[in-house]
Amino acid sequence: MIRIAFMQDSNLLVGSFHEDHLPSNVVYVVIDREIPEPVESWYIENSEIKIDQVKLAQFNRQQMPQLTPIEFDIKLHNNGLYDAVQDLIKDNFEMRIAYNRATFFSRTDSFVDQACVALNLTDEQVDAMWEQQ
C-alpha cells in the first residue's frame with residue numbers, strides 16, 4: 001500500500017492505494033513521511049506537500065474549545081477587555097444581541113471576529129487569549 005495526496009475537484013485528498021491501482025488521471029505525491037499538520041492545511045507545489053500557514057491557523061481556530069458566557073467574560077476581564085467589549089456592544093444592537101443571547105462562544109464566531117476588528121486585536125492576540133488557562 002502506498003499513501004498518496006492528490007488534487008480532485010480543487011480539494012486535496014489523501015488515500016492509500018496498491019501500487020498497481022494508483023489513479024492514472026490525477027497528479028499525486030507519495031507521502032513517504034509523517035506530516036503532523038492536518039490535511040486541511042496541505043497543498044501540493046513542485047511535487048511536494050507544503051503547509052499553508054493561513055489554512056493551518058484557521059483549522060486550529062476551529063478546533064479551539066467553545067467557551068460559556070462566564071468563561072468568555074472571565075477571559076475578557078483577565079485580558080483587560082471586558083469594559084471595552086461592554087462599550088462596544090452598548091451602541092451596536094446586533095452585537096449586543098449576539099453577545100447577550102449567546103449560549104457559547106466559538107473562536108470562529110462572527111461576533112468574535114467583529115469585536116477583534118473593532119478593538120484592533122490581531123488574530124494571534126485573540127488566539128493566545130482563547131488558549132489561556
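I need the calculated FRET efficiency for the pair residue 18 and residue 128, taking r as the beta carbon distance and R₀ as 41 Å, to the nearest 0.05.
0.35
For the chain, what does the accessible surface come to per residue with a 1.4 Å probe? Please give it in Å². Walk me through the numbers on the way to the answer.
Details: 9070 Å² over 133 residues.
Accessible area per residue: 68 Å².
At 7 Å along the Cα-to-beta-carbon direction for both residue 46 and residue 30, put a label point, then send me their distance in nm to one decimal.
Between residue 46 and residue 30, the label points sit 2.0 nm apart.
Near residue 28, within a Cβ-to-Cβ distance under 13 Å, what is the net charge of the other residues, with Lys and Arg +1 and Asp and Glu -1? Don't skip to the end; give the middle numbers.
On the way: positive: 3; negative: 19, 32, 48.
Residues close to residue 28 contribute a combined charge of -2.
Where the convex hull is taken over the Cα atoms of the chain, what is its projected area averaged over directions, in nm²?
Values: hull surface 43.5 nm².
Seen from a random direction, the Cα hull of the chain projects 10.9 nm² on average.
Which cross-chain or sequence-distant (5 or more) residues have an amide H under 5 Å from the amide H of residue 2, H modelled 1.01 Å from N in plane?
Close amide H contacts, sequence-distant or interchain: 17, 18, 19.
Using a 1.4 Å probe on the protein heavy atoms, what percent of the accessible area of the chain belongs to carbon and sulfur?
Of the solvent-accessible surface of the chain, carbon and sulfur hold 48 percent.
Would you look at the GNM of the chain, springs on alpha carbons closer than 10 Å, and say which of 17, 104, 59 moves the most?
17
Modelling each spin label as a point 7 Å along the Cα-to-Cβ direction, I'd like the residue 86/residue 62 distance in nm, to one decimal.
3.6 nm
Pairs of Cα atoms under 8 Å, at least six residues apart: use those to get the relative contact order of the chain, whole percent.
On the way: 131 pairs, mean separation 22.9, N = 133.
Computed over the chain, the figure is 17 percent.
R0 = 41 Å: FRET efficiency of residue 117 with residue 7, Cβ-based, nearest 0.05? If you can, show how the numbers build up before the last one.
Details: r = 33 Å, r/R0 = 0.81.
The formula returns an efficiency of 0.80 here.
Just to make sure I understand: if all protein chains stay in place, what is the order of 41, 110, 24 by accessible area at 1.4 Å, largest first? Please report the intermediate quantities before stating the final value.
On the way: 41 0, 110 80, 24 115 Å².
The ordering from most to least exposed comes out as 24, 110, 41.
The values are calculated or read from the model by the stated rules, or taken from the named source; none is laboratory data. Because the structure is predicted, anything quoted here is derived from the model rather than measured. Don't worry about glycine lacking a Cβ; one is built from the backbone with ideal geometry, like all the others, and counts go over all protein chains shown. Please note that ligands, DNA and RNA were not included when accessible areas were found on the heavy atoms of the full protein model with its side chains. Shrake-Rupley method; radii C 1.70, N 1.55, O 1.52, S 1.80 Å.
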